[in-house]
1. Here are the criteria: (1) away from the ligand (no atom under 14 Å from the Cβ); (2) over 34 Å from the mean Cα position of the chain (by Cα); (3) aliphatic (A, V, I, L, M). Tell me which single one Ile293 does not satisfy.
2. So which of Leu303, Leu286 is hydrophobic (A, V, I, L, M, F, W, C), over 24 Å from Ser198 (Cβ atoms) and out of contact with any Pro (no Cβ under 8 Å at 6 or more places or on another chain)?
3. Go through the range 246-276 residue by residue and tally those that are away from the ligand (no atom under 16 Å from the Cβ) and of a type in the set (S, T, N, Q).
4. Take the range 200-232 and flag every residue that is in a helix (DSSP H, G or I), among the aromatic types (Phe, Trp, Tyr) and within 16 Å of the ligand (Cβ to nearest atom).
5. Looking only at residues in the range 218-275 that are within 28 Å of Pro346 (Cβ to Cβ) and acidic (Asp, Glu), which one is nearest to the chain's Cα centre (by Cα)?
6. In a helix (DSSP H, G or I), within 15 Å of the ligand (Cβ to nearest atom) and not charged (D, E, K, R) - does that describe any residue in the range 277-284?
7. Would you be able to say whether some residue in the range 191-205 is within 21 Å of Phe290 (Cα to Cα) and out of contact with any Cys (no Cβ under 6 Å at 6 or more places or on another chain)?
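All of the numbers you see were taken from the coordinates with simple rules; none came from a lab. Because the structure is predicted, anything quoted here is derived from the model rather than measured. Counting neighbours? That spans all protein chains shown, and the Cβs are built from the backbone with ideal geometry, glycine included.
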Amino acid sequence: MRRIYLIPLLLAVLTTTMTCSGEKTTSVKTPVDNKSGNVENGNTAPTPHKPPVAEKNASKNQSGDPAGKKNIQTDSHPGKSPESKCLPCEKNKNSNTENPPIQTPVSEATKTLPVSVKNPTKEKKIPHKDEKKPTETVEPKAAPNPDLNIKIIDKPVIWNEMRRQMSLDYLKDRFGIIQKEPTIDPKMIVIHHTHSGSFQSAFWTFQPVKIRGKLRYPKAGRLNLSAHFLVDRAGRIYRLIPENIFGRHIIGIGYMAIGIENVGGTKRFPLTYEQLKANVALVKYLKARFPGIKWLIGHHEYLKFKKTPLWKEKDPKYLTYKPDPGWRFMRNLRNRVKHLNLVSEP
Ligand SMILES: [Zn+2]
């Protein structure tokens, strides 16, 4: 009788131990169960960490960057990518060969899980690397160009429909250039000085759209003067109009010239060393931005171009004689930008 009662008791004990150990073995062996069952299984340290990682990578691949499918394949098949240097991913590849191939992307994502379960510490490194790769692909950072490392303050003069139309008229009437927009293809940089000591007075000279009062040369119209840049006496660079928009600052060759004005140029306010440095930086910047720029001249040198095909002013009598900025400033400037091979002759 005792044996009869003991047998059911023993059977009951045996069944409970088998279910506990059975749960543990299945959770390790089958990857699919792992992915879906991590929370339910209640695995402690490694498991809560892994599924978000694998899912994160999978979702990144599907929606992440413009490279699209290429990146999806790279990340979902890290072992196949020639660029992959990730050792844990190589382990994935080996482990995948043991399992039958799975075709759908979802099941491929689950392939990475067995390794992450077995090696929780190494697995933490995988997402770290994978997260960086797509970011670098989407937003490549250009190498900083020291020549472009320049501070330019935008302080535009009035630009409205009237100035635009008057600029178009000037290009047509003075140079015979007919365009839809008053743009220029910069080939030349012209250095000026304002012959005054005040930045504000210089700016307010260029600010209005029209020249007020009596015109010295009525045929040339009332479009106001304006250089592209104005450099104050401390060497601060202000951009008054975009580099590729026409500015009226020089006769005959203004259709291709960017103008740089420097505040000063009188005996009381000679151009400063800070202005020279600013002009050097600006010339380097402009040459880097517009490689087609060939000439660097002072305003006082512009008449050299009069008898060349580059001169487009229609009226041969429309001329002014300019002393700015002077040979000394130009010599100092040219010595500092020799490597750009800019020339002053036509
Ligand atoms: Zn000038």
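1. All conditions pass for Ile293, except number (2).
2. On the way: Leu286 fails: out of contact with any Pro (no Cβ under 8 Å at 6 or more places or on another chain).
The unique qualifying residue is Leu303.
3. Selection size over the range 246-276: 1.
4. Phe203, Phe206 - these are the residues of the range 200-232 that are in a helix (DSSP H, G or I), among the aromatic types (Phe, Trp, Tyr) and within 16 Å of the ligand (Cβ to nearest atom).
5. Result: Glu243.
6. Initial filter on the range 277-284 (in a helix (DSSP H, G or I)): 277-284.
Still in the list and also within 15 Å of the ligand (Cβ to nearest atom): 279.
Pick out the ones that are also not charged (D, E, K, R) and you get 279.
Scanning the range 277-284 turns up at least one residue that is in a helix (DSSP H, G or I), within 15 Å of the ligand (Cβ to nearest atom) and not charged (D, E, K, R).
7. The initial filter retains those residues of the range 191-205 that are within 21 Å of Phe290 (Cα to Cα), namely 191-192.
Within this subset, residues satisfying the condition of being out of contact with any Cys (no Cβ under 6 Å at 6 or more places or on another chain) are 191-192.
Yes; the residues of the range 191-205 include at least one that is within 21 Å of Phe290 (Cα to Cα) and out of contact with any Cys (no Cβ under 6 Å at 6 or more places or on another chain).
Okay, residues lined up against (1) in a helix (DSSP H, G or I); (2) within 16 Å of the ligand (Cβ to nearest atom); (3) in contact with an Asp or Glu (Cβ under 8 Å, 6 or more places away or on another chain):
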residue	(1), (2), (3)
His300	yes, yes, yes
Lys304	yes, yes, yes
Pro309	no, no, no
Glu313	no, yes, no
Asp324	no, yes, no
Phe329	yes, yes, no
Leu333	yes, yes, no
His339	yes, no, no
